Amino acid sequence: MENYSKARVAEQPSACPFPNLCADTPEVRVKDGSKIRNLLRFALSRMEANPRGTEEEQRRPTPDEGSQEGPQEAVGRPLCKQIIFTACGKGVSKAITCAEIVKRRLKGLHQLTKLTYSKVLEVWEPLEPAAGLDSLTVSRNLPAIWILLSKEPLDWDQPGYQAPGRYDALWAQAAVREEGGGVTGQRAGHRRKRGGGGGGRGKGSGRQSGRSRESGKGQT
């Protein structure tokens, strides 16, 4: 592909894997370059009665990033009981982050996750058209994720269902492992063993240097 350059990329979105949804269910498409705070502002404005932003966002609004358009867009709209986060490729991890933050903000949300594939078409054009090379179209399948968050109970028999729970339990378990001598304690003990072994080649009281031995021989 050294004689080609990528001209454009066309993504063919996959169909929503969640049937029988309400018509007003918002679908948030997360891209690799999306701002998480803008996505959260829109999602919370559609599901929370009085969405409260961070202090930094309230002090410094940035019109170029859509800080003023998000809340105004949701004024007059009824609150939704469900919302969807979807992404493909490099945006998958960002979609998961948004869903986890919304679950921490709004307690009692049911989650249903589906993994699919999204087709991406890449069009490559030759660098020198006079060389007689044709344009190429490359089709790739990228992993995609669909996350449904619902205030109403979902079918817990479906694969990918997560019931509402306490989200601080994971942090409490990690703190207990560190205090109880987990991985951190083992590393510290290993360092103490290496530092206090006393079996190295250090200069001890029973070892003399070459000059001291030669001076001792001359005196005898």
Quick one: net charge of K119's neighbours, Cβ under 12 Å, K/R +1, D/E -1? -1
Whole-Hz couplings from phi, Karplus 6.51/-1.76/1.60, listed for region 15-30; x for Gly and Pro: 6, 5, x, 9, x, 6, 8, 5, 5, 8, 6, x, 10, 9, 8, 9
Pairwise FRET efficiency - T25 versus K119, Cβ, R0 = 25 Å, nearest 0.05: 0.55
Simple SL model, points at 7 angstrom along Cα→Cβ for N38 and E128; separation in nm is 4.1
At R0 = 35 Å, FRET efficiency that the Cβ-Cβ distance of K151 and K90 yields, to 0.05: 0.75
First measure r as the distance between the Cβ atoms of E11 and A163, then evaluate 1/(1 + (r/R0)^6) with R0 = 45 Å and state the FRET efficiency to the nearest 0.05. 0.85
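None of the figures in this text is laboratory data; all of them are computed from the coordinates on show. Note that the coordinates shown come from a computational prediction; the quantities given were computed from them, not determined experimentally. Note that we place each Cβ from the backbone using ideal geometry, even for glycine, and neighbour counts take in every protein chain shown.
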